[in-house]
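Asker: One structure, pasted below without further comment.
Rule-based calculations on the coordinates, nothing more; no lab input. If you're wondering where the values come from, they're calculated on a predicted model, not measured in any experiment. Cβ coordinates were reconstructed from backbone atoms using ideal geometry, including for glycine residues, and neighbour counts include every protein chain displayed.
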Amino acid sequence: MTICGNLARINERIRAAAEAAGRDPASVRLVAVSKTRPAADVIAAFGAGQTLFGENYIQELVTKLAEVHESVQWHVIGHLQSNKVKYIAGQVAMIHSVDRISLAQEIDRQWGRVGRSCDVLIQVNLSGETTKSGTTENATVQLVRECALLPNLKVKGLMTMPPFFDDPEAARPYFAELRRLAEAIAAQQIAGVEMAELSMGMSGDFEAAIQEGATLVRVGTAIFGTR
Ligand SMILES: *Cc1c(COP(=O)(O)O)cnc(C)c1O
């Protein structure tokens, strides 16, 4: 299968899942996860109409920022070390993986330096797996409140990565829980904080995530092939 054909099939499945859930398909954005893939694959996907790309590794992202001249949007979706933030200041549209205040402060500082503000999601580790990044569910509201005080950071919602299951239905309770948590935080009406975005769902389970309210699905292998 080509990238173009894969994208068409994924977009069709997104549309069908949204409609089955009574949602507007336009309320779900596809983040094409291009980690480990060459810039040529990003350019091919852009040629097929895909404009939003997700990357995990800053070194790799910096290389692609230099190699891809098409007007794509980049999101950082993976664990982010504070000392790497300076390399991407002002150059990505969203960071999905804010899970500690020290990282948020560094994003605020670096985006302020270039005179911009950064849209972020708070990554929540709902499973408690120690191998996964993310703040705990209980600490999420406090982190959102602290981020809300940073002038160059805009909290737009939450992100999660459930444990890996063969059966996408097994991930569904985590997606539902992230939505409940976002609703509970939204109800607190914290100044400057939006809970409009839920980043959840990957190649194996994005349809279940859409049924539970995902607005950003992060799909890699189903578009670009196995890594
Ligand atoms: C790699 C990655 C994805 C994409 O996973 P696929 O199974 O290839 O679709 C999504 N989210 C995060 C955080 C990732 O690291």
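Asker: Which of 76, 112, 59 sits closest to the plus end of the dipole of the stretch 3-224, meaning its Cα is farthest towards the positive end, when Lys and Arg get +1 and Asp and Glu get -1 on the C-beta?
Answerer: Most positive-ward Cα: 112.
Asker: For the stretch 39-140, calculate the relative contact order in percent as a whole number, restricting contacts to Cα pairs under 8 Å that are 6 or more residues apart.
Answerer: Values: 149 pairs, mean separation 20.8, N = 102.
Computed value for the stretch 39-140: 20 percent relative contact order.
Asker: Continuing with the same structure: Kirkwood hydrodynamic radius, computed over distinct alpha-carbon pairs, for the stretch 89-171: how many Å, to one decimal? If you can, show how the numbers build up before the last one.
Answerer: On the way: mean 1/r = 0.0748 Å⁻¹.
Evaluated on the stretch 89-171, it is 13.4 Å.
Asker: Let me understand the chain better: what is its radius of gyration from the alpha carbons, and its Dmax, in angstrom?
Answerer: Cα only, the chain: 16.7, 47 Å (Rg, Dmax).
Asker: Can you pull the Rg over Rh of the stretch 151-227, Cα-only, Kirkwood? It would help to have the intermediate numbers written out before the result.
Answerer: Values: Rg = 13.7 Å, Rh = 13.2 Å.
Value, to two decimals: 1.04.
Asker: Can you give the FRET efficiency to the nearest 0.05 for residue 164 and residue 57, using r as the Cβ-Cβ distance and R₀ = 25 Å?
Answerer: On the way: r = 20 Å, r/R0 = 0.79.
For residue 164 and residue 57, the calculated efficiency is 0.80.
Asker: If you keep only loop residues by DSSP, which GluC sites (Glu not before Pro) in the stretch 172-227 have at most 14 other Cβ atoms within 10 Å of their Cβ?
Answerer: On the way: sites: 177, 183, 194, 197, 207, 212; in loops: 194, 212.
Qualifying residues, ordered by number: 194.
Asker: Please work out the FRET efficiency for the pair residue 149 and residue 9, using the Cβ-Cβ distance as r and a Förster radius of 41 Å; give the result to the nearest 0.05. Please report the intermediate quantities before stating the final value.
Answerer: Details: r = 43 Å, r/R0 = 1.06.
Taking R0 as 41 Å, the efficiency between residue 149 and residue 9 is 0.40.
Asker: Output wanted: per-residue J couplings in Hz (rounded whole) for the stretch 213-227, from phi through Karplus 6.51 cos²θ - 1.76 cosθ + 1.60, θ = phi - 60°, x for Gly and Pro.
Answerer: Couplings: x, 4, 10, 9, 10, 10, 10, x, 4, 5, 9, 9, x, 5, 8 Hz.
Asker: Another question, then. Evaluate the charge dipole of the chain about its Cα centre and quote only its size in Debye, nearest 20, assuming +1 on the Cβ of each Lys and Arg and -1 on the Cβ of each Asp and Glu.
Answerer: Values: 23 positive and 25 negative charges, 119 e Å.
Roughly 560 debye, rounded to the nearest 20.
Asker: Determine the calculated [θ] at 222 nm for the chain from helices alone, applying -39500 (n - 2.57) to every DSSP H run no shorter than 4 residues and normalising by the residue count; nearest 500 deg cm²/dmol. Walk me through the intermediate numbers first.
Answerer: Numbers: 8 runs with 84 residues, N = 227.
Calculated at 222 nm, the ellipticity per residue is -11000 deg cm²/dmol.
Asker: Follow-up question, since we're still on this one. Taking the Cα atoms of the stretch 99-222 alone, what are Rg (to one decimal) and Dmax (as a whole number) in Å?
Answerer: For the stretch 99-222, the Cα radius of gyration and maximum Cα-Cα distance read 14.6, 45 Å.
Asker: Could you give me the ³J(HN,Hα) list for the stretch 179-192, computed from phi with Karplus coefficients 6.51, -1.76, 1.60 and θ = phi - 60°, whole Hz, x at Gly and Pro?
Answerer: 5, 4, 5, 4, 5, 5, 6, 4, 5, 7, 6, 6, 4, x
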